[in-house]
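First up is the structure itself, then whatever we jot down about it.
The values are calculated or read from the model by the stated rules, or taken from the named source; none is laboratory data. If you're wondering where the values come from, they're calculated on a predicted model, not measured in any experiment. Glycine also receives a Cβ, built like all others from the backbone with ideal geometry; neighbour counts cover every protein chain displayed. We work out accessible area using only protein heavy atoms, side chains counted, and drop any ligands, DNA or RNA first. Shrake-Rupley method; radii C 1.70, N 1.55, O 1.52, S 1.80 Å.
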Amino acid sequence: MVTREEILVLGLTAGVVGSLVGGLMLGVGLGLAVNGAHAGWLLVLPAAPAAGGLGLLLARKLARKL
């Protein structure tokens, strides 16, 4: 049985890890793109899905406990 505490920790962890990873990808990618390196867009475009994907992986790990 999944407790409220585990759901709360899942939300907090997914939010923090997702924003760190997404923010870093966005920051580095935009820095590269502004300086003329078109490869920076390869980091900017998947930043949000990568951040959400980490939350999904954490949720699946918690769901396996059921």
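Among the residues of region 1-18, the ones that are surrounded by fewer than 14 Cβ atoms within 10 Å (Cβ to Cβ), touching a helix residue (DSSP H, G or I) at 6+ places or on another chain (Cβ under 7 Å) and at pLDDT 90 or above come to 1 in all. Considering region 49-66 alone, what residues qualify as being open to solvent by less than 90 Å² (accessible area, probe 1.4 Å) and either over 15 Å from the mean Cα position of the chain (by Cα) or among the basic types (Lys, Arg) (or both)? Across region 49-66, the qualifying residues are 62, 63. Identify all residues within region 20-48 that are part of a helix (DSSP H, G or I) and surrounded by fewer than 12 Cβ atoms within 10 Å (Cβ to Cβ); write none if there are none. Those that are part of a helix (DSSP H, G or I) and surrounded by fewer than 12 Cβ atoms within 10 Å (Cβ to Cβ): 34, 38, 39.
Quick check on my filter: what residues within region 19-42 are under 30 Å from residue 7 (Cα atoms), in contact (Cβ under 8 Å) with a residue 12 or more places away in the chain and not small (Gly, Ala, Ser)? If the condition is that a residue be under 30 Å from residue 7 (Cα atoms), in contact (Cβ under 8 Å) with a residue 12 or more places away in the chain and not small (Gly, Ala, Ser), then 21, 25, 26 are the ones that fit. When region 43-62 is filtered for residues that are among the hydrophobic types (A, V, I, L, M, F, W, C) and touching a residue at least 24 places away in the same chain (Cβ under 8 Å), the ones remaining, listed by number, are 47, 48, 50, 51, 54, 58, 59, 62.
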